Amino acid sequence: MIELRLEGLVHVYRDSTVRAVDGVDLQVGPGQRVAIVGQNGSGKTTLVRHLNGLLRPTEGRVLVDGSDAARLHVAQLARRVGLVFQDPDRQIFARSVRAEVEFGARNVGMDRADRNDAVSQALAATGLEGESDTNPYDLGDSRRKLLALASVLAMRTPVLVLDEPTTGQDVRGVEIVGSVIRAAHAEGRTVIAISHDMGFVAETFDRVVIMREGRIVLDGSPAGVFAQRAWSTLEETYLEPPFPSRVGARLGLDSTPTDEALIARLRERASDSVL
Amino acid sequence: MLVLEAVSYRYAGAERPAIRQVSLTLDKGEVLGVVGPSEAGKTTLCLVASGLAPRAIRGAMDGRVLLDGADTTALPMHEMAARAGICFQHPQTQISGICGTVFEEIAFGPMNLGLQRDDVVVRTWDALDVLGITALAERDPMQLSGGQMQLVAIGGLLALRPAHLILDEPTAQLDPGGTRLVGECLARLAAGGASILITEQKTDLLERICGRVVVLEKGGIVAAGPTDEVLAAAGLAAMGVAAPSRVRVRRALAGAGFGDGAIMDALH
């Protein structure tokens, strides 16, 4: 079980003057499910790439389980934090689906039996169990993205970081990503994901962190950040509340970011009026 | 007007065609949505409709693609490019990689049409403006975030001002605000007479801007009709397509016994 902590994180890319991340303090406890949302270019990807040491802070510190990530070896970080890129082609290179998924598991030092088990489980979780021998480049874009997810799942890291996992996925793909996150959560793993799909965020995560221009502007439960009082902040950040929130607001209900919440509030109101 | 007549396309080396017997008509001023599960053939349809396949992407095509009545296989590439523009699914594919700033990148297309410099500048600022990215004008396109790059790719297409626009999941990486801007922009272009073909997983967007929608599955058209009808069809999810939020919430409410007038009115 691992705690992550960002302290005064600032990142300025080489050859740039833009503060992509501009002073972020964030603590994520073990087992939390955190969505990071925000306008395009608000620093989400830059932020999460600090969690497994892909980027080093320009200022501030990243603490993984109390240790400064800058002092941890890449291999030590890789055993703790698994990161799935937005673009799968940045991480796929093997000649078969199974070899691709096995690579990371091998590198984190799993023995053969554990590795076989982890790889099979990751393939099944992502719906790729029938594609073991397929060349990754014979898969379509969306399944290549699921393959990248499977590769990181197989490393069985206590922390999973997913950069826009639902982008380009159809209904079935979004369901797969949702169930992978729920299963990881049930196993006590921490999940941090970037997403622009507010409906998916409200249904899948316990905590939502909203970024704007490199800073955190809202941090709370889906019901909190999508409540009507936050709508002006959302709008300034190029975001919008999920559809059920808007329906609930028109009906004078408290924050209802999911279909389930909307129906629950309507039931409460109906039983109140009976009393 | 863009017409596909019984078009099938098989990539070189592939065993099966990626699209089969696809016929559709895209009228002037119309926005036509194409939905379907992953690997249904949506991208191939875009490549064929834009004339890039089989011209630049090897494969065998049956049937005909007609652009304003002219067979696209007979049109010279420069004429094709001036009349029909495509926005690829991955902006990294679209960005030239040879321009130092976003402004130059968006101006690159219209410069190649041989337009006057002043005209190119006006078109470029217009494109930046409608997409809300004027602040990115001086940035290096290769150092943008995925979503920002996608907006720049769309900007490059808009600056060409083609009569026919073909967009392959253009908002996949965009935030909700950017998605809305792109939607409004496409609706305005169509109102001005442009013909637009757009593939999307975001059916909420298609619901707002498309008059008609076709559903593609395993390379063939399995449903077609007015947007409201197609996207509210009971079998849509079974075809691998998400119902728009409005349709989904309406069903959930009705299923929970809240199908009365006042509550249903709140959906609109």
*asked:* Can you find a residue that is closer than 19 Å to B:Trp125 by Cα, of a type in the set (Val, Ile, Thr) and touching a helix residue (DSSP H, G or I) at 6+ places or on another chain (Cβ under 9 Å) anywhere in the stretch B:165-181?
replied: no
*If we scan the stretch B:74-86, do we find a residue that is basic (Lys, Arg) and more than 14 Å from chain A (Cβ to nearest Cβ)?*
yes
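If you go through the stretch A:61-68 one residue at a time, do you hit one that is among the acidic types (Asp, Glu), more than 30 Å from B:Arg180 (Cβ to Cβ) and not in a loop (DSSP other than H, G, I, E, B)? If you could, list the steps in order and put the result at the bottom.
Keep residues of the stretch A:61-68 that are among the acidic types (Asp, Glu), which gives A:65, A:68.
After this cut, where a residue has to be more than 30 Å from B:Arg180 (Cβ to Cβ) as well, the list is A:65, A:68.
Still in the list and also not in a loop (DSSP other than H, G, I, E, B): A:68.
Looking through the stretch A:61-68, at least one residue is among the acidic types (Asp, Glu), more than 30 Å from B:Arg180 (Cβ to Cβ) and not in a loop (DSSP other than H, G, I, E, B).
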_Condition first: more than 14 Å from chain B (Cβ to nearest Cβ), surrounded by fewer than 20 Cβ atoms within 10 Å (Cβ to Cβ) and either farther than 22 Å from A:Gly188 by Cα or at pLDDT 95 or above (or both). Now tell me which residues in the stretch A:76-92 satisfy that._
A:Gln91, A:Ile92
*If we scan the stretch B:204-221, do we find a residue that is part of a helix (DSSP H, G or I) and either within 9 Å of chain A (Cβ to nearest Cβ) or of a type in the set (Lys, Arg) (or both)?*
yes
*Counting only residues that are more than 22 Å from B:Gln201 (Cβ to Cβ) and hydroxyl-bearing (Ser, Thr, Tyr), which one in the stretch A:138-163 is nearest to the chain's Cα centre (by Cα)?*
A:Thr157
_Here is a list: B:Ile95, B:Ile154. Which entry is in contact with a Cys (Cβ under 9 Å, 6 or more places away or on another chain) and of a type in the set (Val, Ile, Thr)?_
B:Ile154
*If we keep just the residues of the stretch B:162-188 that are aliphatic (A, V, I, L, M) and more than 13 Å from the chain's Cα centre (by Cα), which is farthest from the other protein chains (Cβ to nearest Cβ)?*
B:Ala163
*asked:* Among the residues in the stretch A:232-242, are any within 10 Å of another protein chain (Cβ to nearest Cβ), surrounded by fewer than 20 Cβ atoms within 10 Å (Cβ to Cβ), more than 22 Å from the chain's Cα centre (by Cα) and not in a helix (DSSP H, G or I)?
replied: no
_Quick test of your reading of the structure: B:Ala233 fulfils all but one of (1) touching a Phe, Trp or Tyr at 6+ places or on another chain (Cβ under 8 Å); (2) more than 7 Å from chain A (Cβ to nearest Cβ). Name the failing condition by number._
(1)
*Limited to the stretch B:111-151, what total is found for residues that are acidic (Asp, Glu) and outside any helix (DSSP H, G or I)?*
2
_Restricting to the stretch B:216-235, give me the number of residues that are within 18 Å of B:Thr43 (Cα to Cα) and of a type in the set (Asp, Glu)._
1
*Are any residues in the stretch B:134-148 more than 9 Å from every other protein chain (Cβ to nearest Cβ) and either more than 16 Å from B:Gly109 (Cα to Cα) or buried (at least 24 other Cβ atoms within 10 Å of the Cβ) (or both), and if so, which ones?*
B:Thr134, B:Ala135, B:Glu138, B:Pro141, B:Met142
*Are any residues in the stretch B:149-161 surrounded by 22 or more Cβ atoms within 10 Å (Cβ to Cβ), away from every other protein chain (no Cβ under 14 Å) and without any contact (Cβ under 8 Å) to a residue 60 or more places away in the chain, and if so, which ones?*
B:Leu158, B:Ala159
*Could you say which residue among A:Asp111, A:Asp163, A:Asp138 is farther than 29 Å from B:His90 by Cα and among the acidic types (Asp, Glu)?*
A:Asp111
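Yes or no: B:Thr44 under 23 Å from B:Lys218 (Cα atoms), part of a helix (DSSP H, G or I) and out of contact with any Pro (no Cβ under 7 Å at 6 or more places or on another chain)?
Working: under 23 Å from B:Lys218 (Cα atoms): yes; part of a helix (DSSP H, G or I): yes; out of contact with any Pro (no Cβ under 7 Å at 6 or more places or on another chain): yes.
Spelling it out, B:Thr44 is indeed under 23 Å from B:Lys218 (Cα atoms), part of a helix (DSSP H, G or I) and out of contact with any Pro (no Cβ under 7 Å at 6 or more places or on another chain).
The values are calculated or read from the model by the stated rules, or taken from the named source; none is laboratory data. Source: prediction; values computed, not measured. All Cβ positions, even for glycine, are placed from backbone atoms using ideal geometry, and neighbour counts span all protein chains on display.
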